[in-house]
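First up is the structure itself, then whatever we jot down about it.
The values are calculated or read from the model by the stated rules, or taken from the named source; none is laboratory data. Here the structure is a predicted model, which is why all the values come from computation and not from measurement. Methodologically, a virtual Cβ is constructed for each residue, glycine included, from the backbone with ideal geometry; neighbour enumeration extends over all protein chains shown. Surface areas here come from the heavy atoms of the whole protein model, side chains and all, with no ligands, DNA or RNA. Shrake-Rupley method; radii C 1.70, N 1.55, O 1.52, S 1.80 Å.
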Amino acid sequence: MKIRELINDLEKYKDSEVILQGWIRNSRFGKNVGFIELNDGSTFKNLQIVVSKDIENYDELDSQNLSASLEVEGKFVLTGNERNPYEVQATRISVLGESSDKFPIQKKRQPLEYMRTIPHLRARTNTYRAVFKVRSLLAYALHKFFQENGFTYVHPPIITASDAEGAGEMFNVTTLSPEEYPTKEDGSIDYSKDFFGKSAHLTVSGQLEAEDLALALGDVYTFGPTFRAEVSNTPRHAAEFWMLEPEMAFTDYNRAMDVAENMIKYAIDYVLENAKEETAFFNERIDEGLIDRLNKIRNADFARITYTKAVELLEEADEKFEYPVKWGIDLQTEHERYLSEKIVGGPVFVTDYPKEIKAFYMKRNDDGKTVAAFDMLVPGVGELIGGSQREERYDELVKSMEENGLNVDDYGNYLDLRRFGTVVHSGFGLGFERALMYVTGIKNIRDVIAYPRYVNAFTDKN
Ligand code: 4AD
Ligand code: MG
């Protein structure tokens, strides 16, 4: 096979011969000349291929359907025309793989709900190609941010025996047969006969292992898939999603918030700089005002308010919430969005939540009622980040585990950190897909994951 040039690299080949391979995104053929818009995945924009009637298989090319794959040989020329600054004048085109008129993505715009029914083909549209490109860039930007700031990338396990959030929303991992599983005398499942000798789950968060590593390496971060068996059929919840979790030793939650804020600004900068065509497309087609909003954030100081203050502000608001607000409730999406969209008008950290609604590992504040927690809420999405200072005091941690109904024996390793040189430490988790929704303006998490997993995903048509 000949080496292909990427459309992305073409500018260096002015007036020279190139060989390209790609798919037909559009075409129109006249009596004497045809135009094919070709895309090879390397650019957002299609490249125009000019096909003259002299090409021997002109009729064959004319009869091709959308998404047929081609090899094109021809001369790359700059046109001087602003809309189509360059084109390839083809001298030879061979059809590599025909398509058919049944190809489900025809020219007219189809709703994203429909696209979800064809996950294997939808990346061939502008919207999804742009999403997956930005997804890749955003992941890279986040890595770059942490690597440049001295963090070590660590890899907690996917299969674990403990529940990092203590919320019981885990998928089991087992090789026991659902028809014939061993039982103990009391009739319960005997996991000692299971593969790992104990009941095992897919991780909900790599935090507990990240804490172990932070107390040796200083500043660490994880970035990988996490799983939650939450029955939340919402546009912001997935059963399988990626989370980025920095964990920092000798760090209180104020510094952790600084890191979160800098990280978001850095990532936005990087995406705006490196995905200009994609963000312009999102701004035009998906979320008008996106670029202005993102630009504003680059220079803004993110607001920080306590949960207690947030509840007061919500109580004073002229808004009838579906879920009434009072001190002690867990903030719902409607409250989170109202706070960031209407009250603050940008990203906001809400801090110091009641201990009853937060995880067992969070540091208890001196008031005895709240914990040193923070959530970052952003317009359009709601909760983007959840984090906290960790309870580093052994006795307080045991007390909290007991109050949260956890079996202290299951967390021996975690308690050891508090026995052998404990330090103040903090961290947070960024929902990667939520960050992607935020920077693209896409409203449903199912449209930023190639193969979204959620309740009833395998029977639901979208
Ligand atoms: O707030 P969460 O549950 O926090 C943790 O898991 C901590 N262990 C993080 C830490 O301190 N290291 O989750 C963190 C973030 C949320 O703010 C949200 O953005 C995202 O993960 N998230 C989800 N994203 C998509 N689908 C879901 N079901 C999600 N659940 C949480
Ligand atoms: Mg949370």
Among the small types (Gly, Ala, Ser) and part of a loop (DSSP other than H, G, I, E, B): which single residue out of 94, 100 fits that description?
100
Regarding residue 176, is this residue among the aliphatic types (A, V, I, L, M) and in contact with a Phe, Trp or Tyr (Cβ under 7 Å, 6 or more places away or on another chain)?
no
Looking only at the stretch 314-328, count how many residues are surrounded by 16 or more Cβ atoms within 10 Å (Cβ to Cβ) and either farther than 27 Å from residue 439 by Cα or out of contact with any helix residue (DSSP H, G or I) (no Cβ under 6 Å at 6 or more places or on another chain) (or both).
1
Of all residues in the stretch 356-395, how many are of a type in the set (Lys, Arg), within 10 Å of ligand 1 (Cβ to nearest atom) and out of contact with any His (no Cβ under 8 Å at 6 or more places or on another chain)?
1
Within the stretch 249-263, the count of residues that are surrounded by fewer than 23 Cβ atoms within 10 Å (Cβ to Cβ) and in contact with a Gly (Cβ under 6 Å, 6 or more places away or on another chain) comes to 1
Residues in the stretch 150-185 that are hydroxyl-bearing (Ser, Thr, Tyr), at pLDDT below 95 and outside any strand (DSSP E or B) total 3
Collect the residues in the stretch 396-431 that are among the small types (Gly, Ala, Ser), within 19 Å of residue 203 (Cα to Cα) and away from ligand 1 (no atom under 15 Å from the Cβ), keeping them in residue-number order.
412
Within the bounds of the stretch 400-407, is there any residue that is open to solvent by 20 Å² or more (accessible area, probe 1.4 Å), within 16 Å of ligand 2 (Cβ to nearest atom) and not in a strand (DSSP E or B)?
yes
Filter the stretch 361-377 down to residues that are polar (S, T, N, Q) and part of a loop (DSSP other than H, G, I, E, B), then give me how many there are.
1
Answer with yes or no whether residue 434 is of a type in the set (Lys, Arg), in a helix (DSSP H, G or I) and within 30 Å of residue 287 (Cβ to Cβ).
yes
Taking the stretch 195-212 as the region of interest, how many residues are over 12 Å from residue 245 (Cα atoms) and away from ligand 2 (no atom under 16 Å from the Cβ)?
9
I'm trying to understand the selection: among the residues of the stretch 379-395, which are at pLDDT below 95 and within 14 Å of ligand 2 (Cβ to nearest atom)?
381, 382
Pairs where the first residue, in the stretch 381-394, is under 13 Å from residue 208 (Cα atoms) and touching a residue at least 60 places away in the same chain (Cβ under 8 Å) and the second is part of a loop (DSSP other than H, G, I, E, B) and near ligand 2 (Cβ under 10 Å from one of its atoms), C-beta under 6 Å, 6+ apart
none
Among (1) buried (at least 23 other Cβ atoms within 10 Å of the Cβ); (2) part of a helix (DSSP H, G or I), residue 415 falls short only on (1)
Among (1) within 21 Å of the chain's Cα centre (by Cα); (2) within 12 Å of ligand 1 (Cβ to nearest atom); (3) of a type in the set (A, V, I, L, M, F, W, C); (4) closer than 30 Å to residue 392 by Cβ, which single condition is residue 231 missing?
(4)
Within the stretch 33-73, how many residues turn out to be open to solvent by less than 20 Å² (accessible area, probe 1.4 Å) and at positive phi?
1
Looking only at the stretch 147-167, decide whether some residue is within 21 Å of residue 447 (Cβ to Cβ) and either within 16 Å of ligand 1 (Cβ to nearest atom) or surrounded by fewer than 18 Cβ atoms within 10 Å (Cβ to Cβ) (or both).
no
Scan the stretch 215-235 for residues that are more than 27 Å from residue 422 (Cα to Cα) and either away from ligand 2 (no atom under 16 Å from the Cβ) or surrounded by fewer than 19 Cβ atoms within 10 Å (Cβ to Cβ) (or both) and jot them down.
225, 229, 230, 231, 232, 233, 234, 235
